[in-house]
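**Q** One structure follows; several queries about it will come next.
The values are calculated or read from the model by the stated rules, or taken from the named source; none is laboratory data. Since the structure is predicted, the reported quantities are computational estimates derived from the model, not experimental observations. With ideal geometry, Cβ positions are generated from the backbone for all residues, glycine too; neighbour counts draw on all protein chains shown. Heads up: the accessible areas ignore ligands, DNA and RNA and are worked out on the full protein's heavy atoms, side chains in. Shrake-Rupley method; radii C 1.70, N 1.55, O 1.52, S 1.80 Å.
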Amino acid sequence: MMSPFTIDNKVGEVVTVFPKASDIFKSNRIDFCCGGNLTIKEAAAKQMISAEQLITQLNMLYRQSNPNKDYINWKEKSFSHIVHYIEETHHQYLKEELPQLTPYITKIYKVHGNKHHQLEKVKTLFQQLKTELLEHLMLEENTQFPLIEEYDRHPTHETLERAVSQLDRLEKDHQNVGNILKELRKVTNNYHLPEGACRTFQLVYKRLEHLEEDTLSHIHIENNILFKRLFNLYA
């Protein structure tokens, strides 16, 4: 089998074709969502790692995996299908997880904040993340997604123009969210638990890390699949 990926492939496009590539990018701290337009060569240089070794890892994983297993061919899906998937999968998760996680973060800050000073920053960053995400969901669900579905039903230049009207703003929102997630990972030392961390402490770090993983997948589908297809039609 020929190696499918080269250092000139863009990070976001690789994850679109081969979703498991996100595991390798994540382990190498490569942003495949907001930084999805970088080539593998550029992304590797930014992280000061070898692009050739990264490509070797990617192609080896590709050959070991069945690329068609659990793979959604987004190119075959309508805009409405993608919108519904995002709402039912990622939006629903955030609507449930963000309010549920809030009291746990408040609790560990109150109990352990005097000893583990990073928890004050964790609490502040999480509140910023929660506010950003919930406002973002409202804008998408109440305004932009209905316009995208309207274009799907009536594909005219006018409906396309409305469908892309706020995509630049939504991508900027994604960048802000990505920056907060990076800062959370930094202040928690990559979610490394302090010695003797209680169960609630452990729970919070585990759920924050899962929140990061789900949100990065969410942003990837929007930036590199949904929005990109619309922008390409409008160009």
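**Q** Just wondering, is there one or more residues in region 47-70 that are at pLDDT 90 or above, small (Gly, Ala, Ser) and either in contact with a Cys (Cβ under 8 Å, 6 or more places away or on another chain) or within 30 Å of Phe145 (Cβ to Cβ) (or both)?
**A** Taking every residue of region 47-70 in turn, none turns out to be at pLDDT 90 or above, small (Gly, Ala, Ser) and either in contact with a Cys (Cβ under 8 Å, 6 or more places away or on another chain) or within 30 Å of Phe145 (Cβ to Cβ) (or both).
**Q** Any residue at all in region 57-72 that is within 20 Å of Lys172 (Cα to Cα) and outside any loop (DSSP other than H, G, I, E, B)?
**A** No, there is no match, as no residue in region 57-72 is within 20 Å of Lys172 (Cα to Cα) and outside any loop (DSSP other than H, G, I, E, B).
**Q** Within region 204-221, is even one residue open to solvent by less than 20 Å² (accessible area, probe 1.4 Å), under 16 Å from Cys34 (Cα atoms) and of a type in the set (A, V, I, L, M, F, W, C)?
**A** Yes: one or more hits.
**Q** Could you go through region 123-142 and let me know if any residue there is over 19 Å from Glu222 (Cβ atoms) and touching a residue at least 60 places away in the same chain (Cβ under 8 Å).
**A** yes
**Q** Between a residue in region 83-105 that is touching a residue at least 12 places away in the same chain (Cβ under 8 Å) and any residue that is β-branched (Val, Ile, Thr) and surrounded by 12 or more Cβ atoms within 10 Å (Cβ to Cβ), which pairs come within a Cβ distance under 7 Å, given they are 6 or more apart or on different chains?
**A** Qualifying pairs under 7 Å: Val83/Ile148; Ile86/Ile221; Tyr104/Thr200; Tyr104/Val204; Ile105/Val122; Ile105/Val204.
**Q** When you go through Pro146, Pro155 one by one, which is the residue that is under 30 Å from Arg229 (Cβ atoms), open to solvent by 70 Å² or more (accessible area, probe 1.4 Å) and either at pLDDT 95 or above or part of a helix (DSSP H, G or I) (or both)? Step through it out loud before you land on a result.
**A** Values: Pro146 fails: open to solvent by 70 Å² or more (accessible area, probe 1.4 Å).
That would be Pro155, the only listed residue that is under 30 Å from Arg229 (Cβ atoms), open to solvent by 70 Å² or more (accessible area, probe 1.4 Å) and either at pLDDT 95 or above or part of a helix (DSSP H, G or I) (or both).
**Q** Taking into account only those residues within region 1-56 that are within 13 Å of the chain's Cα centre (by Cα), in a helix (DSSP H, G or I) and not aliphatic (A, V, I, L, M), which is surrounded by the most Cβ atoms within 10 Å (Cβ to Cβ)?
**A** Phe25
**Q** Look at Asp168 and say whether it is within 27 Å of Val17 (Cα to Cα), exposed (fewer than 15 other Cβ atoms within 10 Å of the Cβ) and out of contact with any Ser or Thr (no Cβ under 7 Å at 6 or more places or on another chain).
**A** It is true that Asp168 is within 27 Å of Val17 (Cα to Cα), exposed (fewer than 15 other Cβ atoms within 10 Å of the Cβ) and out of contact with any Ser or Thr (no Cβ under 7 Å at 6 or more places or on another chain).
**Q** If you scan region 193-231, which residues turn out to be closer than 23 Å to Pro103 by Cβ and outside any helix (DSSP H, G or I)?
**A** Residues of region 193-231 closer than 23 Å to Pro103 by Cβ: 193-194, 196-215.
Scanning region 193-231 gives Leu193, Pro194, Gly196, Ala197, Cys198.
**Q** Filter region 183-199 down to residues that are without any contact (Cβ under 8 Å) to a residue 12 or more places away in the chain and within 19 Å of the chain's Cα centre (by Cα) and give me whichever is most open to solvent (accessible area, probe 1.4 Å).
**A** Lys186
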